[in-house]
Amino acid sequence: MKKIFIFSIVLSFLLIINKISYSKVLWQKYYEKDSIAFGSMSYDNTLCLIENQLFLIFNGTYSGNSKFIATGFIVTDLYGNELNRYNIIREKNIMIRFIKEKAFNYHIISTYGYKDNDYIFMGKKVPHKLVLDKSFNIIEENCDTSNQSFYKGSWNFIFLQDDSIYVDNGIYNNKTGYYYDKITVLDLSTKFIREIDVDTLHQPNIWKSTNSAYFLVTSEINYLIVVSKSNRNTIEMCDLILLNKEGKTIWKKYIKYKDKLTNVYRVIENKDGDFIGLGKTLPNISDQELNTKDTSDIQRDSLIIFKVTKDGYLEWIKEYPLKNYTNAFYRIVELKNLESYIVYGSYIYKKDVANNRYQCYYALIDKYGNLTYQEYWTLDTNKDMSPLSVLCIGDTLLFYGGIGTNNQGIEYLFLSEVMPDYTSISSEYNGENKDITIYPNPASEYIEINPIISYHLLESFELKICNILGECVMTLNNLYSTQNQRVNISMLPKGVYFVRLGNKFLKFLKY
């Protein structure tokens, strides 16, 4: 603990000297390895918030046996100060996918490889369930290795819904062209419940890779599946397929931006039940051209973002050129109250292309797909920074990721709190609102809310106070238009909030 604290002070001093490129990084903390050397963490859900504590999930190799992958998590307070660390080391590869709080315990879902000589992403893997109490003592551990519905080579994407574990058992044999796609449903003890045959997922000659099939369980327990072809020199195919819970196709939407090669990497369901997708268009540049030309001015990729309604209608698709190559530009988070989105990943400056030096990057996208703001930050060293996950807390963003080099891998982890410029996407809430007035604004202890409504004086109504994510943090009932409402906000964390009356909003700042 002392070692980590001293290490954080040293790096913080370096940041002051060398300066972070983005002036609104409020703080940045660093975490060194212990018995587990940090490794690749390419999936989502690596940062989660449980009872005002942050859980930073990591994978890596155990110093006592580097043959297999170990996993674990770091627990911090809301300011990134480390409170605890828990390592999970087993005889085979194990990688945490989810941590959930239930019945006052921590439920940890991982993938576990139990076939001899398996590798990180190959071999036979099954879900592994571990239950810890609040003191991190083991209460229960389950792993059903007898389940024969799991196959060697299966990518085993895992997601949770309604206390069930859904596992994609998709495999592809490059030599025979054989596909197998089913979704296996397990209970939280990893016991088999049922198997779902996936309908019309593949077409002939479609190559499947880790970035070309993606499953999303929607709020109505349907499955949205992204299928794409990831070969730069051939025609790309990206289909969104909405399936019912029996695996039958409801609709299928082909995604392509103009005549460009198109790849889709992430899809989320927004608060209205529509789907927002994130991907790239690829330039028609042959490998030979890339090897013989001066590539410093070549536009490598372009970001695309699109919206498909719950009925399968492509409402809009937008493209934004990226002058420099981006590596992990495929994660997206919704800001529900602002009806906007955060897109984030890694970015290389034009001057650093030759050195492959990655820096953190994010962009704000409004509800119409317009890119309204973008920013980056980094350490002024020769290290790469790559964000893995983002959480929105109040009006700030928490970025969690790794720092290292291609040769050394992830040397340590970082957690940054960033204050974005929301003015570009929240202006529609900042104008005159004749239905609500707030005083003082900004405020620290209380606000006076005066709702001016043309209702009958005896008719009461309700106001809500929401955070930047659209989550209700306070409800005010039985109000009348003739009354000012004095509201104590001292217990709210600092940040931006909204008073909501029907579909009208008024923003205020708690400091």
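All of the numbers you see were taken from the coordinates with simple rules; none came from a lab. Since this is a predicted model, take the numbers as computed values, not measurements. Neighbour counts run over all protein chains shown; Cβ positions are idealised from the backbone, glycine included.
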| message | Please compute the modelled spin-label separation between Y511 and N477, points set 7 Å along Cα→Cβ, answer in nm with one decimal. | response | 3.5
| query | At a Förster distance of 25 Å, what's the computed FRET efficiency of Y446 paired with M419, Cβ-Cβ distance as r, to 0.05? | reply | 0.55
| In nm, spacing of pseudo-spin labels at W316 and D34 (7 Å Cα→C-beta vector) | 4.8
| Whole-Hz ³J(HN,Hα) from phi, Karplus 6.51 cos²θ - 1.76 cosθ + 1.60, for region 50-59, glycine and proline x | 10, 6, 6, 10, 9, 10, 9, 7, 9, 10
| note | In whole Hz, the Karplus estimates of ³J(HN,Hα) for region 77-94 (6.51, -1.76, 1.60; θ = phi - 60°; x where Gly or Pro) are 7, 6, 10, x, 6, 5, 10, 7, 8, 10, 9, 10, 10, 10, 7, 10, 4, 9
| Hz values of 3J(HN,Hα) by residue in region 439-446 - Karplus curve (6.51, -1.76, 1.60), Gly and Pro given as x | 8, x, 8, x, 8, 10, 10, 8
| note | Proxy exposure order for D197, D162 (fewest C-beta within 10 Å first) is D162, D197
| query | For C472, C48, what's the fewest-to-most ordering of other Cβ within 10 Å of each Cβ? | reply | C472, C48
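Tell me the net charge near V131. Cut-off is 14 Å between Cβ atoms, V131 excluded, with +1 for each Lys or Arg and -1 for each Asp or Glu.
Net charge in that neighbourhood comes out at -2.
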